[in-house]
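Notes for the one structure printed next.
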Amino acid sequence: MPDYDVIILGAGAAGMMAGIEAGRRGRKVLVVDHARDPGEKIRISGGGRCNFTNVNATHTAGRERFLSQNPRFALSALSRYTPEMFIDKVKKRGIKFHEKTLGQLFCDGPATQIVSMLTDELRQAGATIWTGRSVGSIEKISDGFDVMVGDGRVTTTSLVVATGGKSIPKMGATGFAYDVARQFGLKLTDTRPALVPLTFEPGALEKLTPLAGVSTNAVVSRGKTKFEEALLFTHRGLSGPAILQISSYWREGEPITVDLLPGEDALDFFRAARQSAPKQHLQTALAERLPKRLAQLVGDNINQPGMIGDFSDKKLTTAADAVNRWTLKPVGSEGYRTAEVTLGGIDTEGLDAKTLMARTVPGLFFVGEAVDVTGWLGGYNFQWAWASGYAAGQAA
Ligand code: FDA
């Protein structure tokens, strides 16, 4: 007889959820993590307030808001564990929360409330939690798996791999799930940092860094994909929700386009400014709409000195393009050091969408960020972690 019915590797969002559900079904559960404490990413998430779900993170929005080589894959788990189900949990626990914007639900207080809720539920479900223990080799045995944990070996009927992706190695992120997948013959899709700030070559950066700290609402697009959210200038390049979102779609060598006046035609604005105050400089007019330093940068980019009253329509059109269609070419991203998630991962082709079990290895499950399902910014990734963990917890 194996020591446990279910061993879960990784006490993060998905692993704890899987443990709670399996334990509630009467399974003997062990959750193992090499970090000292469970749920470290939950603790730091959402600026310490945990954006724990998004009311729009439903299966109906799934195909658009969860990126994957197979955009339909996530829909099954998402339809069986909805944002409302997690919200219910949070309400029952008495955790106060609010909607910040775009359906994003944040705790009013510290994110540790979510971690405590999950660890308490895990214990109530009878699960054992081992933290600060490294996981070594995994072997398939006749009735399950034999796993090296710390200095000893433990056996289990089902094994749930919930060790996440590669983002923020400083916090203990590893590519462990991918190694396990490879060991058991599962395919991987290419992985890359996502929801990550974008960087620029030194020449372009020199122009951007004086604006470090400036934030403005913008539409950032790559091809047909666009996001209207805050754009933040930093010492390394561009960040803020609009940039993090587009980073999941952007690829090296491609430009991004920034509309600094969402919903407003800059040409109409400049024409009106030319009429009403012809003696002003273009950047002075623009500073009515944009932070002053940003208006200055746009003015420098256009490089058209003189009073706006002297500008021809052609000149104003060039200026308007620089505002509504500012084209920038990032050279890269800040990488896994600051990326919120890993795009790509374990190829969903090898997994059953309902249970997250490997098709060719009965009893072996992969959940959460390790799988090739990546959500938009704004609570979508936690919703995938809860939903995929729940699905595996029902089956393992
Ligand atoms: P997660 O990374 O949470 O857990 C994996 C666990 O496995 C960790 O506890 C780790 O220590 C452990 N582990 C790894 N390798 C191991 C090994 N070899 N042996 C043993 N244990 C191992 N999402 C969102 O929806 N809303 C938000 O507000 C945020 N905010 C946010 C902020 C920041 C700074 C980051 C980096 C990320 C976010 N995210 C987010 C993303 C979110 O944190 C992420 O999608 C989930 O935590 C993924 O859950 P998992 O359980 O799959 O992995």
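The values are calculated or read from the model by the stated rules, or taken from the named source; none is laboratory data. Every value quoted in this text rests on a predicted model; they were computed, and no experiment measured them. As a convention, Cβ positions derive from the backbone with ideal geometry for all residues, glycine included, and neighbour counts pool all protein chains shown.
Give the range 72-88 a look and list any residue that's over 16 Å from the mean Cα position of the chain (by Cα) and part of a loop (DSSP other than H, G, I, E, B), or say none.
Once the filter is applied, which keeps residues that are over 16 Å from the mean Cα position of the chain (by Cα) and part of a loop (DSSP other than H, G, I, E, B), the range 72-88 yields 72, 73, 81, 82.
Mind checking which residues of the range 145-176 are polar (S, T, N, Q) and in contact with a strand residue (DSSP E or B) (Cβ under 6 Å, 6 or more places away or on another chain)? Outline the logic, then answer.
We begin by selecting, within the range 145-176, every residue polar (S, T, N, Q); these are 155-158, 163, 167, 174.
Answer for the range 145-176, where residues must be polar (S, T, N, Q) and in contact with a strand residue (DSSP E or B) (Cβ under 6 Å, 6 or more places away or on another chain): 155, 156, 157, 158, 163, 167.
Looking only at the range 153-165, decide whether some residue is modelled with pLDDT of 95 or more, farther than 26 Å from residue 371 by Cβ and not β-branched (Val, Ile, Thr).
Yes, the conditions are met somewhere in the range 153-165.
With respect to residue 174, determine if the residue is surrounded by 14 or more Cβ atoms within 10 Å (Cβ to Cβ), away from the ligand (no atom under 15 Å from the Cβ) and of a type in the set (S, T, N, Q).
Considered against the rule, which asks whether it is surrounded by 14 or more Cβ atoms within 10 Å (Cβ to Cβ), away from the ligand (no atom under 15 Å from the Cβ) and of a type in the set (S, T, N, Q), residue 174 comes out as no.
Of the conditions (1) in contact with a strand residue (DSSP E or B) (Cβ under 8 Å, 6 or more places away or on another chain); (2) without any contact (Cβ under 8 Å) to a residue 24 or more places away in the chain, residue 348 fails just one. Which one is it?
(2)
Would the range 5-22 turn up any residue that is more than 12 Å from the ligand (Cβ to nearest atom), of a type in the set (A, V, I, L, M), modelled with pLDDT of 95 or more and out of contact with any helix residue (DSSP H, G or I) (no Cβ under 8 Å at 6 or more places or on another chain)?
no
Among residues belonging to the range 323-347 that are buried (at least 23 other Cβ atoms within 10 Å of the Cβ) and away from the ligand (no atom under 12 Å from the Cβ), point out the one that is farthest from the chain's Cα centre (by Cα).
323
Please tell me if residue 279 is without any contact (Cβ under 8 Å) to a residue 40 or more places away in the chain, basic (Lys, Arg) and assigned to a helix (DSSP H, G or I).
Working: without any contact (Cβ under 8 Å) to a residue 40 or more places away in the chain: yes; basic (Lys, Arg): yes; assigned to a helix (DSSP H, G or I): no.
Taking the combined requirement at face value, the residue does not satisfy it.
Tell me the residue from 154, 149, 135 that is within 18 Å of residue 367 (Cβ to Cβ) and either of a type in the set (Val, Ile, Thr) or without any contact (Cβ under 8 Å) to a residue 12 or more places away in the chain (or both), please.
Step by step, each of 154, 149, 135 is checked, and only 135 is within 18 Å of residue 367 (Cβ to Cβ) and either of a type in the set (Val, Ile, Thr) or without any contact (Cβ under 8 Å) to a residue 12 or more places away in the chain (or both).
Condition first: exposed (fewer than 15 other Cβ atoms within 10 Å of the Cβ) and either on the phi < 0 side of the Ramachandran plot or in a helix (DSSP H, G or I) (or both). Now tell me which residues in the range 294-306 satisfy that.
300, 301, 305
Which residues, taken from the range 78-108, are farther than 15 Å from residue 56 by Cα and surrounded by 14 or more Cβ atoms within 10 Å (Cβ to Cβ)? Let's see the steps before the verdict.
Restricting attention to the range 78-108, the residues satisfying the condition of being farther than 15 Å from residue 56 by Cα are 88-97, 107-108.
Hits for the range 78-108 are 89, 90, 93, 95, 97, 107.
Select from the range 24-60 the residues that are more than 14 Å from the ligand (Cβ to nearest atom) and either not assigned by TED's automatic domain parsing to the domain that holds residue 356 or not in a loop (DSSP other than H, G, I, E, B) (or both) and list them in ascending order.
The answer is 24, 29, 59, 60.
Would you mind finding the one in 192, 182 that is surrounded by fewer than 18 Cβ atoms within 10 Å (Cβ to Cβ) and modelled with pLDDT of 95 or more?
Among 192, 182, only 182 is surrounded by fewer than 18 Cβ atoms within 10 Å (Cβ to Cβ) and modelled with pLDDT of 95 or more.
Of everything in the range 350-362, what is touching an Asp or Glu at 6+ places or on another chain (Cβ under 9 Å) and surrounded by fewer than 20 Cβ atoms within 10 Å (Cβ to Cβ)? Give them in sequence order.
Scanning the range 350-362 gives a single hit, 359.
Among the residues of the range 348-357, is there at least one that is assigned by TED's automatic domain parsing to the domain that holds residue 88, assigned to a helix (DSSP H, G or I) and closer than 15 Å to residue 12 by Cβ?
Checked against the condition, which is being assigned by TED's automatic domain parsing to the domain that holds residue 88, assigned to a helix (DSSP H, G or I) and closer than 15 Å to residue 12 by Cβ, the range 348-357 yields no hits at all.
For residue 214, work out the one condition from (1) over 30 Å from residue 364 (Cα atoms); (2) surrounded by 20 or more Cβ atoms within 10 Å (Cβ to Cβ) it doesn't fulfil.
Of everything listed in (1) over 30 Å from residue 364 (Cα atoms); (2) surrounded by 20 or more Cβ atoms within 10 Å (Cβ to Cβ), residue 214 misses just condition (2).
Each row is one residue, and each column tells you yes or no for (1) under 23 Å from residue 11 (Cβ atoms); (2) assigned to a loop (DSSP other than H, G, I, E, B); (3) not charged (D, E, K, R).
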| position | (1), (2), (3) |
| --- | --- |
| 90 | yes, no, yes |
| 114 | yes, no, yes |
| 126 | yes, yes, yes |
| 139 | yes, no, no |
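Based on this model, can you work out whether residue 290 counts as assigned to a helix (DSSP H, G or I), within 19 Å of residue 216 (Cα to Cα) and either in contact (Cβ under 8 Å) with a residue 60 or more places away in the chain or in contact with a strand residue (DSSP E or B) (Cβ under 8 Å, 6 or more places away or on another chain) (or both)?
It is false that residue 290 is assigned to a helix (DSSP H, G or I), within 19 Å of residue 216 (Cα to Cα) and either in contact (Cβ under 8 Å) with a residue 60 or more places away in the chain or in contact with a strand residue (DSSP E or B) (Cβ under 8 Å, 6 or more places away or on another chain) (or both).
Restricting attention to the range 76-102, which residues are in contact (Cβ under 8 Å) with a residue 60 or more places away in the chain and among the charged types (D, E, K, R)?
The answer is 80, and nothing else.
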